[in-house]
1. When we measure straight from the Cα of LYS43, which aspartates and glutamates land under 13 angstrom away, once same-chain ones fewer than 8 places off are left out?
2. Quick one: Karplus J couplings for the stretch 130-144, per residue in order, coefficients 6.51, -1.76, 1.60, θ = phi - 60°, nearest Hz, x for Gly and Pro?
3. Near ILE57, within a Cβ-to-Cβ distance under 14 Å, what is the net charge of the other residues, with Lys and Arg +1 and Asp and Glu -1?
4. Which option, (1) 0.98; (2) 0.95; (3) 1.04, is the value of Rg/Rh (Cα atoms, Kirkwood Rh) that was calculated from these coordinates?
5. In whole Hz, what ³J(HN,Hα) sequence does the stretch 89-101 give by Karplus (6.51, -1.76, 1.60; θ = phi - 60°), x for Gly and Pro?
6. Greater than 19 Å separation of Cα atoms is the criterion. Which listed pairs, LYS65/LYS113; LYS65/LYS103; LYS28/LYS171; LYS26/LYS65; LYS65/LYS131, meet it?
7. Just to check I understand the Karplus step: with θ = phi - 60° and J = 6.51 cos²θ - 1.76 cosθ + 1.60, what whole-Hz values come out for the stretch 73-85, glycine and proline as x?
8. From Cα pairs below 8 angstrom and at least 6 apart in sequence, can you work out the relative contact order of the stretch 39-119, rounded to a whole percent?
Amino acid sequence: MRKAIIAGALAILLAPITSFAAGGAKMKITSSAFQEGANIPSKFSCDGANTSPPLQISDVPSEAKSLVLIVDDPDAPSGLFTHWPVWNISTQTSTIAEGSTPKGVQGTNDFGKSGYGGPCPPSGTHRYYFKIFALDRELDLPFGAKRGQLDAAMKGHVIAQGELMGRYSRKK
């Protein structure tokens, strides 16, 4: 009985993760500013101009109705820290220019603002994930919605996804 309860609790805790992973197709998100796993240049951080890096998106499934871009840091002291949530991005979007925001609806990041908030770790080197999701519908979320609302609205609608990870540590 105890094993069943633990297994059930784990299933509930992991449900948000597996619901995103259920979209089996792979998309690509890359940047000309840094390679997968490499250091993010400081100009894209709080130590620099704090502008978003250029991004390229490819392999969007033809059945996708909208895209979601999420940038987050799983290494933050308080847990997952969201730096940039944007949804209802056109599936025709293949590039996001440096310092620009894709046309879509912006949510509130964990800095309490809308828009991109660059890497700014309090200590050490953190990993920053630039995630792209293809959805089977547009989301009915207002401007300024928070990450929890976005995750809940996406659940069960992800048909493909991709990610780019970069690292950043502050120069003190």
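1. Within the straight-line cut-off, LYS43 pairs with GLU98.
2. Couplings: 9, 10, 10, 10, 9, 10, 8, 6, 7, 9, 9, 10, x, 3, x Hz.
3. Working: positive: LYS26, LYS28, LYS103, LYS131; negative: ASP59, GLU163.
Around ILE57, the charge tally is +2.
4. The calculated read-out lines up with (1).
5. 7, 4, 5, 7, 5, 10, 9, 10, 5, 3, x, 10, 10
6. LYS65/LYS113; LYS28/LYS171
7. 10, x, 9, 5, x, 8, x, 3, 10, 8, 9, 6, x
8. After rounding, I find 34 percent.
Just so you know, all these numbers are worked out from the coordinates, no wet-lab data involved. As the structure is a computational prediction, the values presented were derived from the model and not from experiment. Neighbour counts are summed over all protein chains in view; Cβ atoms, including those assigned to glycine, are modelled from backbone coordinates with ideal geometry.
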